[in-house]
Amino acid sequence: MTPGHAHRVRCAIYTRKSSEEGLEQAFNSLDAQREACAAYILSQASEGWSPLPDIYDDGGLSGGTLERPALQRLLAEVRAGHVDIIVVYKVDRLTRSLLDFSKLVEAFDAAGTSFVSVTQSFNTTTSMGRLTLNMLLSFAQFEREVTAERIRDKIAASKAKGMWMGGTPPLGYRPDGRSLAIVEDHAAVIRDIFARYLDLGNVRLLGQALARERIRVPLRTMTSSGRAFGGVAFTRGQLYAILKRPA
């Protein structure tokens, strides 16, 4: 924008200090952050930048959460279209979590708001700034995927140790904390199926025998929804699953 254009660019200054950062550390104090941001806005006065009167300070609050009063107030103003640029002292004042960072950027983009970090030459009003931002967001995506993989691996390891990690328990069992307890009357059906299979040696014949004797899948209720299921004839697929199940 040329100096001739006196278009007003509304700038909001956001500052944060976590409780463990001592007030004696000058660069961490809210006043010092605000002064640095105000000076930066002043340096861009020829571009029409002007500070908004509202103060957005979160003193003594961690950057690990987005549930901060001043930040939520600022986001409401962004959504309402009252802010053009958010100015911070350092990116980590906004958030320390890449995941939250990508959420904030989505909210800013949706409202057409840019943000600038005074000490890191980080400015999403420029193409270089947007490139840096995209790199950071790629890392955030990577972090999300790695976390998801870790959770999957942890569940798999817990299952391998014989821990029950939720879901519909196999027929013959009910959930009991992190393991399974035997449901005696259902277990009797399962034992009968195994005994018959060892005798007949064929799943098709086993299915036919159960159907002839009207032995059906015991009625059960879903633990989560309370919906009833079962009470029907055993299918060949079900019998294969029962005979192959490690549990």
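Go through the residues of region 235-244 one by one and say whether even a single one is more than 40 Å from the chain's Cα centre (by Cα) and surrounded by 12 or more Cβ atoms within 10 Å (Cβ to Cβ).
First pass over region 235-244, keeping only residues more than 40 Å from the chain's Cα centre (by Cα): none.
No, region 235-244 contains no residue that is more than 40 Å from the chain's Cα centre (by Cα) and surrounded by 12 or more Cβ atoms within 10 Å (Cβ to Cβ).
I need the full set of residues from region 61-97 which are over 17 Å from Lys17 (Cα atoms) and open to solvent by 50 Å² or more (accessible area, probe 1.4 Å), in order please.
Result: Glu77, Arg79, Ala80, His82.
Exactly one condition in (1) more than 30 Å from Leu98 (Cβ to Cβ); (2) modelled with pLDDT of 80 or more is not met by Pro175; state its number.
Evaluating Pro175 over (1) more than 30 Å from Leu98 (Cβ to Cβ); (2) modelled with pLDDT of 80 or more leaves (2) as the failure.
Just to be sure before I move on: is Val87 touching a residue at least 40 places away in the same chain (Cβ under 8 Å) and aliphatic (A, V, I, L, M) in the structure I sent?
Numbers: touching a residue at least 40 places away in the same chain (Cβ under 8 Å): yes; aliphatic (A, V, I, L, M): yes.
Taking the combined requirement at face value, the residue satisfies it.
Out of everything in region 181-222 that is open to solvent by 100 Å² or more (accessible area, probe 1.4 Å) and either under 30 Å from Met163 (Cβ atoms) or acidic (Asp, Glu) (or both), what residue ends up being modelled with the highest pLDDT?
Initially, region 181-222 is screened for residues open to solvent by 100 Å² or more (accessible area, probe 1.4 Å), giving 184-185, 191, 198-199, 204, 212-214, 216, 219.
Imposing the further condition that a residue be either under 30 Å from Met163 (Cβ atoms) or acidic (Asp, Glu) (or both) reduces the set to 184-185, 191, 198-199, 213, 219.
Values: Glu184: 81, Asp185: 77, Arg191: 88, Leu198: 85, Asp199: 83, Glu213: 81, Leu219: 77.
Among residues in region 181-222 that are open to solvent by 100 Å² or more (accessible area, probe 1.4 Å) and either under 30 Å from Met163 (Cβ atoms) or acidic (Asp, Glu) (or both), the one modelled with the highest pLDDT is Arg191.
The values are calculated or read from the model by the stated rules, or taken from the named source; none is laboratory data. Predicted, not measured: the structure shown is a model, and the values here were computed from it. So basically every Cβ, Gly included, is an ideal-geometry build from the backbone, and we count neighbours across all protein chains shown. With ligands, DNA and RNA removed, areas are computed over all heavy atoms of the protein, side chains included. Shrake-Rupley method; radii C 1.70, N 1.55, O 1.52, S 1.80 Å.
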